[in-house]
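Written out below as structure tokens is the structure these notes cover.
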Amino acid sequence: MRDNYLPITDWSFIGRQKYVDKNRLVIELVIEQALEDFDEKTISVAFGRQASSVAKIIDLFLLSHFCVDRLPTAIPKDIKLFSQLAFWVRYKTAGHVHVGSESRKQALVESEQGLSESKVANIDLDLQVLSKNLKKLNQHVAPDLIGYWLQANKKLLNELPTFEDFSQVVEIENDVSDTQKTRYKVDASFRYLYLFLNIAEHIDTVERYENKYFVKGLNRPQYVAGNSETHQTKHQVRQTIKQIINRFHAIFTETGDNDVLIRALFKSIAKKAVLDVYEISKNEPYYSDYTQKIIQLKAKPSTLLEQVS
């Protein structure tokens, strides 16, 4: 019986594209039926014209960084996902437009206390997502890099109510200069985002890059696997890193201003030190383009606390 609900079994970017290609007519019908019983003003605030909301909801599902791990537990993981308009409104607006039930329609406005509670719940979800990805990173990198990631994202983490001041608890075994600390914080943040945004799904030839940066080696600088590299292998790894930068920038440009979590994570790598860490020389073609793409990742800064103030 559940098969009638067209379960979504492949949540990768390609898998979601195939799901939409195969079931678009049904998806559109499900959304249109849900719209009949949903507050028009809420839809208008979130998506603009109601006529375009069907396509915009499908586009949200097809965002490259859309992640099943960030879905609330109660949300269906099948065709009924597209009928959950309250979820799509919150996802589109990062919780800035609240939707509460009022008979079959849903109200646009709620009390100030209710709005704050809703946004705190969003922060709790962000905390779960961050922790899960950090555990994943910890399986693949040296312990010091976890410490550097925590330091690099100290401001973000201290805004989350569960966390204490990380400057008091982070221990890094190897003492290095301030310049090197900056490099390793950027490196740790870059690797974290690579996993967080599932970049491997979107570019080719990641094997050599992952063999170097996601195989645990000794806990000492440069914090990479201990395998020897040829000149050609180093070049291939750098080419992959350039592709990753391009992918980061593409995701950044399609990330809404309200998605403060992803924007905060991007900000931690928005430094020229990224190119230094990965030995991308100023003499290489398009060096200035990569510099601009990296620097642009800190545009439109925001904080999680702004959502609950």
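When Thr291 is tested against (1) in contact (Cβ under 8 Å) with a residue 60 or more places away in the chain; (2) surrounded by fewer than 18 Cβ atoms within 10 Å (Cβ to Cβ); (3) farther than 24 Å from Phe66 by Cβ; (4) out of contact with any Pro (no Cβ under 6 Å at 6 or more places or on another chain), only condition (1) is not met. Filtering the stretch 219-241 to residues that are part of a loop (DSSP other than H, G, I, E, B), among the charged types (D, E, K, R) and touching a residue at least 24 places away in the same chain (Cβ under 8 Å) leaves only Arg220. For the stretch 206-218, filtered to residues that are not aromatic (Phe, Trp, Tyr) and not in a loop (DSSP other than H, G, I, E, B), the residue that is surrounded by the fewest Cβ atoms within 10 Å (Cβ to Cβ) is Glu207. Filtering the stretch 288-308 to residues that are small (Gly, Ala, Ser) and either modelled with pLDDT of 85 or more or not assigned by TED's automatic domain parsing to the domain that holds Lys155 (or both) leaves only Ser288.
Number of residues in the stretch 268-284 that are crowded, with 18+ Cβ neighbours inside 10 Å, charged (D, E, K, R) and either in a helix (DSSP H, G or I) or outside the structural domain of Tyr192 (by TED's automatic domain parsing) (or both) equals 0. Within the stretch 8-40, the residues that satisfy the criterion of being out of contact with any Ser or Thr (no Cβ under 6 Å at 6 or more places or on another chain) and among the small types (Gly, Ala, Ser) are Ser12, Gly15.
Of the residues that make up the stretch 182-200, is at least one among the charged types (D, E, K, R), over 25 Å from Leu63 (Cβ atoms) and over 23 Å from the mean Cα position of the chain (by Cα)? Looking for residues that are among the charged types (D, E, K, R), over 25 Å from Leu63 (Cβ atoms) and over 23 Å from the mean Cα position of the chain (by Cα), one finds none in the stretch 182-200, hence no. Of the helices (runs of 4 or more DSSP H) lying entirely inside the stretch 1-72, those containing at least 3 residues that are without any contact (Cβ under 8 Å) to a residue 24 or more places away in the chain span 13-36, 53-61. Screening Gly100 on (1) within 23 Å of the chain's Cα centre (by Cα); (2) modelled with pLDDT under 55 shows it passes everything except condition (1).
The values are calculated or read from the model by the stated rules, or taken from the named source; none is laboratory data. Keep in mind that what you see is a predicted model, and the values were worked out from it rather than measured. So basically every Cβ, Gly included, is an ideal-geometry build from the backbone, and we count neighbours across all protein chains shown.
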